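Chemist: Below are the structure tokens for one structure; questions will follow.
What follows draws every value from the coordinates through simple rules; no lab data is involved. The structure displayed is predicted, hence computed values, not measured ones. Please note: Cβ atoms are built from the backbone with ideal geometry, for glycine as well, and neighbour counts cover all protein chains shown.
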Amino acid sequence: MTEQTTSHYDSTEPPNSWAIGFTAFAGWIMILAGGFQILAGIAALAKDELYVATPNYILEFDATQWGWTHLLLGLLVLFAGFAVLSGQTWGRVIAIILAVVSALANFAFIPVYPFWAMTLVALNVFIIWALAAHGRDISR
């Protein structure tokens, strides 16, 4: 007599709908946050007087340097959001790395534009949580 046993981790089990929702939402938030960073970068490049330089701060960037930082990082985050939505595993890994970098860059940007920077830090923390906690569930 042969007895068939099934594993507790059966690969035929459908993915959790919450995991799919959080991962898709994180992808769309990445696209939105990347777009916001692109706009902040363009604004800094177009008008240098838009952002006020803070004296005695450890990162003394002028508006042009912040503009290029936000523009390039925003483009990378935007494209990583599309990779997350396409369901690629490498896209989730890159997205988490870029969300960490974006959160750190916006944390350094707090003295220049506090509300905007803290909003983007909060969005990036949500992205990291959603992709790290629920991203694996969608690839089953």
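Chemist: Among F109, F25, F61, rank each residue by its count of other Cβ atoms within 10 Å, from fewest to most, as a rough exposure measure.
Modeler: F25, F61, F109
Chemist: Suppose R0 equals 30 Å; then what is the FRET efficiency for W129 and W68 from their Cβ-Cβ distance, rounded to the nearest 0.05?
Modeler: 0.55
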